[in-house]
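First the structure, in the form of structure tokens, and then the observations on it.
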Amino acid sequence: MRVYWDTFFRRLLAILTAGLLFLVPAAYAECLDRDAKAASDEKAKAYFKVAEIFHPARVLKVHHPSRRKEVASYVKTGEKHYSIFTLIDADCNARFIKRTRQGD
């Protein structure tokens, strides 16, 4: 009887391990930080006619369990400096959250 349980648990372990190997890559697919920063900078510059990035973007936080990233981009247009906050999803699509003006 013991041999039966040993083979049963070995087979069960093999099946569970194989199942996890197929599920793990799909569950953790997310936008890389550098891609999230680039998407945020692109979205931030789209709000102004003439704009340039005066400071590198920063990933401020990663929301759990959705794995969305909150990214701050820093844009300068003329003499005014802005911080643009965006929410980046797993497919690197940027969604505008808010804009703040610096130094006013």
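The values are calculated or read from the model by the stated rules, or taken from the named source; none is laboratory data. All of these numbers come straight from a predicted model, not from anything done at the bench. All Cβ positions, even for glycine, are placed from backbone atoms using ideal geometry, and neighbour counts span all protein chains on display.
Among the residues of segment 17-40, is there at least one that is modelled with pLDDT of 80 or more, in contact with a strand residue (DSSP E or B) (Cβ under 6 Å, 6 or more places away or on another chain), in a loop (DSSP other than H, G, I, E, B) and not charged (D, E, K, R)? Yes, segment 17-40 contains a residue that is modelled with pLDDT of 80 or more, in contact with a strand residue (DSSP E or B) (Cβ under 6 Å, 6 or more places away or on another chain), in a loop (DSSP other than H, G, I, E, B) and not charged (D, E, K, R). Taking each residue of segment 48-69 that is on the phi > 0 side of the Ramachandran plot and looking for partners that are of a type in the set (Asp, Glu) and surrounded by 11 or more Cβ atoms within 10 Å (Cβ to Cβ) with beta-carbon atoms closer than 8 Å, six or more apart or interchain, yields 67/30.
Do we have residue 43 as in contact with a Pro (Cβ under 9 Å, 6 or more places away or on another chain), surrounded by 15 or more Cβ atoms within 10 Å (Cβ to Cβ) and on the phi < 0 side of the Ramachandran plot here? No. Residues in segment 60-79 that are in contact with a strand residue (DSSP E or B) (Cβ under 7 Å, 6 or more places away or on another chain) and either within 13 Å of residue 101 (Cα to Cα) or among the small types (Gly, Ala, Ser) (or both): 5 in all. Restricting segment 49-97 to residues that are assigned to a loop (DSSP other than H, G, I, E, B) and in contact with a helix residue (DSSP H, G or I) (Cβ under 8 Å, 6 or more places away or on another chain) leaves a set whose member that is surrounded by the fewest Cβ atoms within 10 Å (Cβ to Cβ) is 93.
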